[in-house]
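Data first, discussion second: the structure below is written as structure tokens.
Bear in mind that the values in this text are calculations on the coordinates, not laboratory data. Just so you know, these numbers come straight off a predicted model, no measurement behind them. Methodologically, a virtual Cβ is constructed for each residue, glycine included, from the backbone with ideal geometry; neighbour enumeration extends over all protein chains shown.
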Amino acid sequence: MTRALINIPQKAKRGEVIEIKTMLSHPMETGFRPSSDGRLVPRDIIEKFVCTYNGEVVFSADLYPAVSANPFLSFNMVAEQSGTIVFAWTDNHGKTQVQTAAIQVE
Amino acid sequence: MGWLALALSLLSVWPAQAQTPQDPRKSGFAYMGRDTQAMQQDDLANPAMLTVLEGEALWTTPTGKAGKSCASCHGEARESMKGVAARYPSLDEASGKPIDLSGRIAQCRETRMEAAPLVREGRDMLALSAFVGLQSRGMPVAPPQDERLRPFREEGARLYTARMGQLNFTCAQCHDANAGQKLGAAPIPQAHPNAYPIYRLEWQSTGSLQRRLRNCMVGTRAEPFSYGSAEFIALELFLMERAKGMTIETPGVRP
């Protein structure tokens, strides 16, 4: 199950610039760290974050092992119409976690 | 979306001041950089809130042979767990010994829910204790004034001033005599337990007060007490008494 904190305004005026903040629960394990038994902890990192607004990509980012655990990303976008914002985080195994939020634009 | 609604509704409870301005005691919060303070104060930037969210989900998930969840008996945590973390460790009537919050949660799970024990410093226990702890945020630390706790609290005070480890330090040498000074690059705080569990940036994860204390003990090259040990519970009793009236910040962020 996706555990993420997402902060978006529930309502916005048309044309308004809104700030979105996201934080995903994720270890961002680099693959370089030995565990207590001396073996390397396998790499497990988010490599790609994509945010779509009514189907259109409005923000995306590539993440690397230097990004800390529980990656926090914040960005702005222009509110144009009511609809759905989809947040998707994809890890190095190709698994994607998705969370959605609704926004009402007046 | 449930998560979002929860997180937003939490913003309104931060924080109520319980100390007077003359009080020389300062939370570890006061020694942090502004960015770290801002991270703790924003529930949508504080990574420990992810742990709280896990705890909220566990609260209502039935588990164990009795087929119950925490909510089956305790209902809304917001009501039933309000102020609970502020008065732990407290006396366990059955054993006549002090018990800390994780110990109490373990008791409910193992005896009342007939569920498998949780690892003390494991993800689920931290999640439950952070979620229960949050319900006391903004409230003053309120250690129980039960006479039967006195010998245990005195033992905690003794440990706090006992020399430990190859470096032969006491807790008090750093946290009373040198609080506010620096140890390497890190400011030495006054060792108040009012924000636990915390998200520690150095750990890149959420951890308990006992994990923090183990770090300090390892720092003095002492063999750290084990999780849930009588020594740690005694130290925690003492630290809570010392922080009486200070504001609970759970879940805190620390460098």
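Protection proxy ranking, highest mean first, for peptides B:235-241, B:225-231: B:235-241, B:225-231, where packing is the per-residue count of other beta-carbon atoms within 10 Å, averaged.
For A:LYS95, the aspartates and glutamates whose Cα comes closer than 19 Å to its Cα, not counting residues fewer than 8 places off in the same chain, are A:GLU29, A:ASP44, A:GLU47, A:ASP62. Note on chain B: dipole from Cβ charges, positive end direction compared against B:GLY64, B:GLN173, B:ALA142; the farthest Cα belongs to B:GLN173. Answer rounded, prolate or oblate for region B:40-122, using the Cα gyration tensor with square roots of eigenvalues a ≥ b ≥ c: rounded when a/c is under 1.5, else prolate when a/b is larger than b/c, else oblate. The shape class here is oblate. The lysines within cross-link reach of A:LYS11, meaning a Cα-to-Cα straight distance under 26 Å and a gap of 8 or more places when in the same chain, are A:LYS21.
Restriction of the GluC sites (Glu not before Pro) in region A:2-105 to DSSP coil positions whose beta-carbon has at most 16 other beta-carbons within 10 angstrom yields A:GLU16, A:GLU80.
If you take the Cα centroid of region A:45-87 and the Cα centroid of region B:110-174, the two points sit 39 Å apart.
The mean number of partner chain beta-carbon atoms within 10 angstrom of a residue's beta-carbon across peptide B:42-49 is 5.
Counting only DSSP beta bridges with both residues in chain B, the antiparallel share comes to about 80 percent. According to the calculation over all Cα-Cα pairs in chain B, the P(r) per 10 Å bin from zero is 7, 31, 38, 20, 4, 0 %. For region B:150-161, backbone phi angles converted through the Karplus equation (6.51, -1.76, 1.60; θ = phi - 60°) give residue-by-residue couplings of 3, x, 6, 5, 5, 5, x, 5, 5, 4, 5, 10 Hz, Gly and Pro being listed as x.
Extension gain, A:LYS48 to A:TYR64, is 4.9 nm, computed as 0.36 nm per intervening residue step minus the present C-alpha separation. Taking a straight Cα-Cα cut-off under 20 Å and skipping sequence neighbours fewer than 8 places away in the same chain, the lysines within cross-link reach of B:LYS182 are B:LYS26.
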